[in-house]
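Comments concern the structure below.
The values are calculated or read from the model by the stated rules, or taken from the named source; none is laboratory data. Quick caveat: nothing in here was measured; it's all calculated off a predicted structure. Cβ placement follows ideal geometry from the backbone for every residue including glycine, while neighbour counts extend to all protein chains displayed. Remember, those area values only see protein heavy atoms, side chains included, never the ligands or the DNA or RNA. Shrake-Rupley method; radii C 1.70, N 1.55, O 1.52, S 1.80 Å.
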Amino acid sequence: MKLVKMSITAVITALLSGCSGSMVLPVQDHASILSNAEQAKLALGQTTSCCTTFSDFNYVMLPEGDTLLALDSKQLTFQFDEGMSYFAAYRLPTNTGNLAISIASQVSKTVMVPKVIMLDAEFKVTRVLGESVFSYQPAHLLDNDRIEGRVFVDRSMPGNPASETYMIVYAPADQLSGSTTILHPAKAFARANGTVEPDIKDPVIPHSPWGLLQIKVKDMAKGSGLEAVFKPEYADKVAMSQGQQVASVATTAAVTTTATAAVAAKPAPAMQSETEAFYQSQIEKAVKAGDIDKAMKLVNEAERAGSTKAKTVFVDAVKRSQK
């Protein structure tokens, strides 16, 4: 199945609606990971477990912002409760407030269904997050078809797993025989353009132990200036075969705080003509090179610096690139 090429309208709408922080994922650059579920399963069947316990994993620091995770035969495998799986292990950012972590597994000819294990500083399981968090989301604006979920890490409330330090992402073996039905690209195109949807069957995508995932990490105490209010999602079930004592967590307590009004930001001073011309040139170059993500970031940066023309330049450049 070929992914639908983003229309001009979708790109422009994404920018105007404030979704310009989305990352345009290089799915085609990783086509081999998402092309053959049987090949991936065969490769998995020839692996052995890298480690004995979670404490043996090599944990990589997970930065704030976007991280692209490619899970394939280059990654290590581990014998989880559900069976052998490729995995990635991360240490969560330090010196932050509450974290919002978005994980989106990209859909192509195959898709990986993610599962997440959260651990405390002593590598004990605090939560296992799967079907209660992750679900299929159809392509929209700059986002591809994906299986997506959000994980919240609460570092402020007593009784919640405030000491969560590590995160493991893997494809549970009990999902590999299944499949996910996605919205047909022709139907998605019709919805985006307000036309009648064709009478056509939706594609059925087989699950794979390999996957391409976008991980977004946001410190919820930053940006708006207000500490976010949320209720963390807790485990589907926590029953790991590591002989570890699972931490007890509260499943019903909601976080409630009183937020103070945010002070309206002062508008940036008018941008000098030389600076405006520089940004316009860089935006046009990025669009011409096909780097829409970079172009949109430049638009945001220019507008914060006082530009009044960056958005128009971007839209015109996108239109020209499609002729």
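Side notes on the structure shown:
- Long-range neighbours under 6 Å by Cβ, at least six apart or interchain, first residue touching a residue at least 24 places away in the same chain (Cβ under 8 Å) within the range 59-83, second basic (Lys, Arg) and crowded, with 17+ Cβ neighbours inside 10 Å: 66/216
- Residue 141 vs. criteria at pLDDT 95 or above and either in contact with a helix residue (DSSP H, G or I) (Cβ under 6 Å, 6 or more places away or on another chain) or buried (at least 22 other Cβ atoms within 10 Å of the Cβ) (or both): no
- Selected residue (criterion: most open to solvent (accessible area, probe 1.4 Å)) from residues of the range 47-84 that are part of a loop (DSSP other than H, G, I, E, B) and under 30 Å from residue 97 (Cα atoms): 58
- Some residue of the range 266-284 being of a type in the set (D, E, K, R), modelled with pLDDT of 60 or more and loosely packed, with under 12 Cβ neighbours inside 10 Å: yes
- Residues within the range 179-198 that are open to solvent by less than 30 Å² (accessible area, probe 1.4 Å) and either of a type in the set (Asp, Glu) or part of a loop (DSSP other than H, G, I, E, B) (or both), tallied: 2
- In the set (1) outside any strand (DSSP E or B); (2) open to solvent by 20 Å² or more (accessible area, probe 1.4 Å); (3) under 27 Å from residue 206 (Cα atoms), residue 44 fails one condition alone, (2).
- Flag for residue 318 being assigned to a helix (DSSP H, G or I) and free of Cβ contacts under 8 Å to residues at least 40 places away in the same chain: no
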